[in-house]
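As structure tokens, the structure follows; a few thoughts come after it.
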Amino acid sequence: MRFMGREAPRYTSYPSAHHFGALTPETYKGWLSSLRPDQPIALYLHIPFCEQMCHFCGCNTRATLKYAPVEAYVGALVAEIQMVGAHLGFRPAVHSVHFGGGSPSMLKPADMGRLFEAIHEAFDLRPDAEIAIELDPRRVTLSKIKAYAAFGFNRVSLGIQDTDPVVQAAINRIQPLEQVKTVMGHLRDNGLNRIGIDLVYGLPGQTLNSLDTTLAHVSELDPDRISAFSYAHVPWVKKHQTLIDEARLPGTEEKVAMFLRLSDYLTSHGYRAIGIDHFAKPDDEMSRAFEARTLRRNFMGYSTLPNDYLLGLGASSIGELDGGIMQNIPQSTTYQNRLVAGDWTTVRGWAYQGDDTLRKAVISDLMCYFEADIPAILERHSYAADYLDADIAGLSDFVAAGLVSVEDRRVRFHSPLKMLARNVACAFDTYARQSEAPNRYSKVA
């Protein structure tokens, strides 16, 4: 338990976004210019709007009951897609499109159509591409679901969080179970059968008993994938989280018990544990990627994407190419104003330097597979066999606690408390070790 209260990055990138600095559009355009026609890419489109702000939310979004700002934002997003396409000068093959937010379910079908028209003009969407969307079940109608099917969506993620009305009230997200069942039924009736569910543990008012009820409900819903995220209480970053009564938050030991409970329940009900917070049926693509060791971790969590080329589109979106990581300006109005003026919206990121890609590979393997063959990774990146010996020595506390074993420089993580892999990975993170300032990252539990 002494490791559980420590902070560590979630490692959806290396280095963590906390370390990003200023990055010019010229740098990003240079990275784009290095893309070759034979390199397929993924697209992430961010929709930073919700009709209602959930108190627990850690996303870049804002609440609005008016649709006009959303419609205007879609126009700016179309402009960015066109700008990127014009700069590339060819239509890259796209193997994945992901709409995230916020709540992409806010989009009217006509505006979704505008986005797909721009995507098809700028990119070559593969016939077998995965086209995914994050949906708020409270905002999804049958007519929207029919539109999603017509646009070619083939994977859906539903934000459930918890089915207990007490917990839902505490996080400002009332969502009756019957409403969720109806939406899932409509999705399946319209051919959208690849469904994932997002859960959150550690929420205010949540208990082991209430979690058991939620898990039983999820089992009835029978999704292909389940994401079970640890609630990160960071009110110094997300001011609306101050609306949560901290006295009602489960303590560290309670959160640990919750994770073990949900992990035991889901694995005993036919799901395979993937990484630190995902679960998938054995025949799901994520399980197959885990078996084939092609699983990746990126800004969308765990991914089955065949490569690391990701273009981020929209306010706050993050992308990654060979040269490094880029991020667009977070404020949606400033993002729109820049595009209206014909300017690029890249403002921050990270240009890979030194041994970044080596350390990224080690951390990725630890986060995906809970082991890292350091000698093989060093050889693949043309480094001496002893290059990371000092980092390996930094694992001594974890080795002494029985959480990690090291044999012939091969590192293996053994604890059922999968979130501790973040702390282990941190031993190989040059940048996280350079600062001891508090509240840099969320606690692992």
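At-a-glance table
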| read-out | value |
| --- | --- |
| Stokes-Einstein translational diffusion, the chain - Kirkwood Rh over all Cα pairs, 1.002 mPa s, 20 °C, in µm²/s | 95 |
| Spherically averaged projected area in nm², based on the convex hull that wraps the Cα atoms of segment 190-233 | 3.7 |
| Kirkwood-type radius of segment 14-77, with distances r between different C-alpha atoms, in Å | 15.4 |
| Residues with amide H under 5 Å from that of Arg272, placed H, sequence gap 5 or more | Ala280, Lys281 |
| Pairwise label distance in nanometres, Glu26 with Ala351, each label 7 Å out on the Cα-Cβ vector | 1.0 |
| Loop trypsin sites (Lys or Arg not before Pro), segment 25-132 (other Cβ atoms within 10 Å of the site Cβ: 14 or fewer; DSSP) | Lys66 |
| Charge context of Gly319, other residues only, Cβ under 13 angstrom, K/R +1, D/E -1 | -2 |
| Per-q log10 I(q)/I(0), segment 353-434, q = 0.11, 0.12, 0.24 Å⁻¹ (Debye; single scatterer per alpha-carbon; no solvent) | -0.25, -0.29, -1.24 |
| Pairs of Cα atoms farther than 20 Å apart, segment 242-336, % | 60 |
| Of Pro48, Phe90, Leu115, farthest towards positive along the dipole that unit charges on Lys, Arg, Asp, Glu beta carbons give segment 1-120 | Pro48 |
| Rounded Å value of the spacing that divides the Cα centres of segment 1-64 and segment 365-436 | 24 |
| Base-10 log of normalised Debye intensity for segment 71-121 (one unit scatterer per alpha-carbon) at q = 0.29 Å⁻¹ | -1.28 |
| Rg/Rh ratio calculated on Cα atoms of segment 1-146 (Kirkwood radius) | 1.01 |
| Distance between modelled label sites at Leu65 and Ser143, nm, 7 Å Cα→Cβ extension | 2.1 |
| Estimated [θ] at 222 nm from DSSP helical runs (n ≥ 4, -39500 (n - 2.57)) normalised by residues in the chain, nearest 500 | -10500 deg cm²/dmol |
| Over segment 299-445: Kirkwood hydrodynamic radius from C-alpha pairwise inverse distances, Å | 17.4 |
| Projected area averaged over orientations for segment 161-296, convex hull of C-alpha atoms, nm² | 9.1 |
| Lysine pair number, Cα distance threshold 25 Å (strictly under), the chain, separation 8 or more or different chains | 23 |
| Label point 7 Å beyond Cα of Tyr383 along Cβ direction - residues of segment 361-375 with amide nitrogen under 14 Å | 361-366, 372-375 |
| Surrounding net charge for Val180, when Lys and Arg each add one and Asp and Glu each subtract one, Cβ distance under 14 Å | -2 |
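Any read-out appearing in this document is the output of simple, stated calculations on the displayed coordinates, not a laboratory observation. For clarity, every value in this text was computed on a predicted model and none was experimentally measured. Neighbour counts run over all protein chains shown; Cβ positions are idealised from the backbone, glycine included.
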